[in-house]
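Take a look at the structure below.
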There are 2 protein chains.
Amino acid sequence: MKAIIIAIGDELLIGQVLDTNSQWISQQCNDLNIEVIGHRTIPDGVASTTDAIDRAFRQCDLVILTGGLGPTNDDYTARALAAYYGMEIVFHQATWDRLTEYFASRGRQITDALKPQAMLPEGVTFLENDMGTAPGMYHCREGKHLVSFPGVPHEMKHLFSRRFVPLIRPFLGKSRLIQRTVLTVGLGETDIAGRIADIESALPKELSLAYLPDIGKVRLRVSGRGEDVENLGSIVNQVADDIIERLGSAVYGEGEISLAEAVKELMVNKRLTLGLAESCTGGNISREIVSVPGASGYFKGSIVSYANEIKHLILSVSSESLNNYGAVSEEVAREMADGALRILNTDMAVSVTGIAGPDGGSESKPVGTFWVGIAMKGRHTETYQINFNRDRERNIRFVTVYVLNKIRLLVNEF
Amino acid sequence: MKAIIIAIGDELLIGQVLDTNSQWISQQCNDLNIEVIGHRTIPDGVASTTDAIDRAFRQCDLVILTGGLGPTNDDYTARALAAYYGMEIVFHQATWDRLTEYFASRGRQITDALKPQAMLPEGVTFLENDMGTAPGMYHCREGKHLVSFPGVPHEMKHLFSRRFVPLIRPFLGKSRLIQRTVLTVGLGETDIAGRIADIESALPKELSLAYLPDIGKVRLRVSGRGEDVENLGSIVNQVADDIIERLGSAVYGEGEISLAEAVKELMVNKRLTLGLAESCTGGNISREIVSVPGASGYFKGSIVSYANEIKHLILSVSSESLNNYGAVSEEVAREMADGALRILNTDMAVSVTGIAGPDGGSESKPVGTFWVGIAMKGRHTETYQINFNRDRERNIRFVTVYVLNKIRLLVNEF
């Protein structure tokens, strides 16, 4: 089954609101073996909606509408559906009763302003909305399915999963999508493409391989679709395994986990604790670590020593090093890491000092210069210099990924 | 001028990547007086791209493509443009030279794997990409404009603003968009709507007023479009001034500045220094402060005391308070702020301790409970309890906005 998702709303076309519904619905469709062949965003209006439905049905079997349902004047979907199917718009008592009940359950009185929400096309199947006031609608004619959801994300998700999936499942075939996503860090797209060129050129024709780059990271998605799930699964696995073996330590996981989650798993498993001393990153590494629930299992804290005075006072970085080498130097990075290890009393402490930009660069230390120090109990403190050449935000994000990856690689060796 | 934005990529259609480009481009078009009449998302492929271009040009004068340009095998845009316009694909020496230079500037050697990025349609205008490897492309035939950008957001934004806008501006009419955006914090949409109901109902018919909510903040955009720029400007100003006066201290600025920028301006002007003691926010407040260049003018650092041990060891929070009241308590928030003021040696120190979730809540302290402490030299330390009721990420972001706003309001009084 092929589907097109149509998001309705002027607010989307002027960029006032970001459409996240189409992505979520695409993920669900992908899992259900519905192939999404397009997204469309269209203006509010009956004509634009019927026109978009008409065009979409020339290419697909399922049209999924979001938005254009609700209590305000700019709700056109119900009228557009009635126009498209040649149905009457009638007062729908069951929907009105639900609305009345919904308001009552929130201790509020329903008003006539909501009447238009109960004026609905006669003959469609209504999808009861437990999360809000606007029902979804479903209709099938001549093998072509149409479903319409309100634009509010949590209402749409509820209606999709609870009401729509049971209706559509009987129409779906046996073909399944099989995929694995390999998560890499520290290599660019081009590097990866070079390293796995032979695997890629020998890719079985049933499979596809996609590169999904993010700052400092690339996800590689191996996927194939077909009915012979077992065979497909085995060739997807073979290719994914080959890629993982080839890329070695650049692979930090599979699926949807974040780099910070991978680090947490490792640290907790090895029963190691971590502390940080951050300067230019201003707490971003700590923030990233703490975004994972349960980070307290290994993370003790971070000294964000933005001012040199704090590097000296709290982390005991020597005035000599600060004066002789500057805050962005190997010596200061080392002393920051050593200081953090001592005062945070952890097994490992990592420091970062650098010039995020846009100001503060010099010829010998341009914007994007970073020093990282890694101290561990009973080991020699290691330091690394790196240079990124980006804007402030991206420099900070890059070095965060770099540091998390350094921690991962070091702890992996234990 | 009417435009359709086409995002290319299978990764969008299976929901693996969220398309944020179309929203950003829509905003820019809106400002430029280009009416965006649709967004499309289409699969990778030459045929699907030429087909989408062809369909779009039947409805609009400008087609904006994103994605499908880059170093890997799944890049179809250049070939699609060549096919659509009947151009040859040729090796483009200038692009290759730029690529070589780009790599050299990063201390890397270019490889033949990048050759396909210099194979481009003959006769289009190339948009030089200072942020990455893939150039943009622009072509105009018979009054129909087409522009193509790589999918990486910061490269696309750079090429749009720096390269594309100067090319398209001569084709745009005299009508201008005049707008002012009033930035508020601490009030909900409904609160604001109630306070400015009379201003809104008396809004001149040429103007529109939009509410753009974000976590803890609402932007109010007053805008009008027309050729009489002077008159339009004066009525936009009148309305914006009325709103600012009415909303008083909830207004933290205008335009695009962030709350952290507003705080920086205030603190630097008043020559005050700031330190933080963060627990559950894990450095997010510090991170937000440091996102503003020049934050070092007032910000000294943050003690991210994620573990209780660190609250005690570094911030000198008493074991009694931690044991008797728990880490999320008024006493601990106060002692954290006092400790930070002392050891960071600042004029002001702010602490946050709370339960971000999903775990760690209890009946008396549910997830979303936060205590904030504000210490200042020579003043009694103030504490505030707040409750948000959201997921981990949003709780952290809410309390960050809350804290920045508290700092702003307090310093404003000085």
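Where a number appears in this text, it was derived from the coordinates with a stated rule and is not lab data. Computed from a prediction, not measured in an experiment: that's the story for all the values here. Neighbour counts run over all protein chains shown; Cβ positions are idealised from the backbone, glycine included.
A Förster radius of 41 Å combined with the Cβ-Cβ distance from B:D198 to A:D130 puts the calculated FRET efficiency at roughly 0.65. In nanometers and ordered shortest first, the copy-to-copy spacing of the A:H154 label point, defined 7 Å from Cα toward Cβ, is 3.4.
Against chain B, whose longest principal axis is taken from its Cα atoms, helix B:392-412 shows a tilt of about 70°.
In nanometres and ascending order, the distances from the B:R195 label point to those of the other copies are 5.4 (point 7 Å from Cα along Cα→Cβ).
Spacing of the modelled spin labels on B:L18 and B:R225, each 7 Å from Cα toward Cβ, amounts to 2.7 nm. For the pair region B:101-126 and region B:20-67, the centres of their Cα atoms are 26 angstrom apart. All Cα-Cα distances of chain A, cut into 10 Å bins from zero to the largest, leave 4, 18, 20, 18, 18, 14, 7, 1, 0 percent in each bin in turn.
Under a Cβ-Cβ cut-off of 9 Å, what is the net charge of the residues other than A:V182 that fall near it, where Lys and Arg count +1 and Asp and Glu count -1?
Cβ neighbours under 9 Å give a net charge of +2.
Helix B:330-344 and the longest principal axis of the C-alpha atoms of chain B enclose an angle of approximately 70°. Among A:I235, B:I396, sorting on how many other beta-carbon atoms sit within 10 Å of each Cβ, with the fewest leading, yields A:I235, B:I396.
Over region A:1-128, what is the relative contact order in whole percent, taking alpha-carbon pairs under 8 Å and six or more residues apart? Write out the running numbers ahead of the final one.
Working: 183 pairs, mean separation 32.7, N = 128.
Dividing the mean separation by the residue count of region A:1-128 yields 26 percent.
With the cut-off at 28 Å, tell me which of the pairs A:K157/B:K406; A:K2/A:K205; A:K157/A:K300; A:K406/B:K264; A:K264/A:K365; B:K264/B:K365 have Cα atoms farther apart than that. Mind showing how you got there, number by number?
Working: A:K157/B:K406 36 Å; A:K2/A:K205 21 Å; A:K157/A:K300 37 Å; A:K406/B:K264 33 Å; A:K264/A:K365 33 Å; B:K264/B:K365 33 Å.
Cα-Cα > 28 Å for A:K157/B:K406; A:K157/A:K300; A:K406/B:K264; A:K264/A:K365; B:K264/B:K365; rest within.
Gyration tensor analysis over the Cα atoms of region A:176-254 returns equivalent ellipsoid semi-axes of 22, 12, 11 Å (largest first, whole Å). If you plug the beta carbon distance of B:D54 and A:V268 into 1/(1 + (r/R0)^6) with R0 = 60 Å, you get a FRET efficiency near 0.65. When Rg and the Kirkwood radius Rh are both evaluated on Cα atoms of the protein assembly as shown, their ratio Rg/Rh stands at 0.97. In whole percent, what relative contact order does region B:259-412 give with Cα contacts below 8 Å and a gap of six or more residues? Value for region B:259-412: 25 percent.
Ordered by the count of other Cβ atoms within 10 Å of each Cβ, fewest first, A:W371, A:W96 give A:W96, A:W371.
Among beta bridges from DSSP that stay inside the protein assembly as shown, the antiparallel ones total about 65%. Assuming R0 = 41 Å, what is the FRET efficiency of A:N33 and B:E393, from their Cβ-Cβ distance, to the nearest 0.05? In this case the efficiency is close to 0.85. Using 0.36 nm per residue and subtracting the Cα-Cα separation, the extra length available between B:N237 and B:F103 on full extension is 43.4 nm.
Across region B:76-89, computed HN-Hα scalar couplings (Karplus, 6.51 cos²θ - 1.76 cosθ + 1.60, θ = phi - 60°) run 10, 5, 4, 5, 5, 5, 4, 5, 5, 8, x, 9, 7, 8 Hz from first to last residue, x flagging Gly and Pro. So the label point goes 7 Å from the Cα of A:T111 along Cα→C-beta, right? Which residues of region B:190-233 then have their backbone N under 18 Å from it? Answer for region B:190-233: B:190-202. In chain A, Cα pairs under 8 Å separated by at least six residues give a relative contact order of 10 percent.
Reported to the nearest whole Å, the Cα centre-to-centre distance from region B:173-189 to region A:346-414 is 40. In region A:259-412, Rg over Rh equals 0.95, where Rg is the alpha-carbon radius of gyration and Rh the Kirkwood radius from pairwise Cα distances.
Placing a label point 7 Å from the Cα of A:K377 along the Cα-to-Cβ direction, the residues of region A:329-365 whose backbone N falls under 14 Å from that point are A:341-349. For A:V229, inter-copy separations between label points set 7 Å beyond Cα along the Cβ vector come to 6.3 nm, shortest first. Centre-to-centre separation between the Cα atoms of region B:291-337 and those of region B:194-241: 42 Å.
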